[in-house]
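In what follows, a single structure is set out as structure tokens and then discussed.
The values are calculated or read from the model by the stated rules, or taken from the named source; none is laboratory data. Bear in mind that the values here come from a model prediction, so they are computed numbers and not experimental data. Here the Cβ is made from the backbone with ideal geometry for all residues, glycine too, and neighbour counts use every protein chain on show.
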Amino acid sequence: MSVIQQAALRQIRKLSLPAGARILDAPCGAGALTVSLGGAGWEAWGADLVPDARPILGPKFVLADLSAGMPWKDAFFDAFVSTEGIEHLENRFAFLREAHRVLKPDGILLLTTPNISALRSRVRYFFSGFYHKDPRPLNESGRHLLQHFQQVIRGNVLARLGQIDLS
């Protein structure tokens, strides 16, 4: 698991979700965080546009374009984790509307994204072309890990997205 995924797992554990709570990890990449969530006693699902996680997640993996509709019924998940993925999506607003739809009314969205407005992130990108892959010139996993956490959002706050046309 990446450093960011490890931090997300720690944050999810702090939420005291009950055993068996449904958590969606999307995009899930290779599925490492999804496997860890399942190992912690939750019903973990992974979704991604690329099927890398299918071999390890089996039926708990769904191939999905996260910029389009998601295949789950309304209010299906207790929590939704999205680590370092929203910035890659073509339609971020559709993704957030779908996150709101599949989350229970009191569900939790844990969303991380690179803080590209931070000087340290801009310097890293300038020298490496990536925000997270090259350890030089900055160690993003050091003291400032929480710069990646933008918000922990309750599902009822996301309800505003359903009332505003963001397209």
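Among the residues of segment 87-118, those identified as small (Gly, Ala, Ser), over 16 Å from Trp45 (Cα atoms) and in contact (Cβ under 8 Å) with a residue 24 or more places away in the chain are Ala94, Ala118. Note on segment 41-57: residues that are surrounded by fewer than 19 Cβ atoms within 10 Å (Cβ to Cβ), in contact with a strand residue (DSSP E or B) (Cβ under 9 Å, 6 or more places away or on another chain) and in a loop (DSSP other than H, G, I, E, B) amount to 2. In segment 63-80 there is at least one residue matching the filter, namely being farther than 15 Å from Ala99 by Cβ and not acidic (Asp, Glu). Screening the candidates Asp78, Asp48 for the property of being in contact (Cβ under 8 Å) with a residue 60 or more places away in the chain and in contact with a Gly (Cβ under 9 Å, 6 or more places away or on another chain) yields one hit, Asp78.
Select from segment 1-40 the residues that are aliphatic (A, V, I, L, M) and part of a strand (DSSP E or B) and write down the one among them that is surrounded by the fewest Cβ atoms within 10 Å (Cβ to Cβ). Only one residue fits best here, namely Ile23.
Among the criteria (1) modelled with pLDDT under 95; (2) of a type outside the set (A, V, I, L, M, F, W, C); (3) at positive phi; (4) within 15 Å of the chain's Cα centre (by Cα), the one Gly31 does not fulfil is (1).
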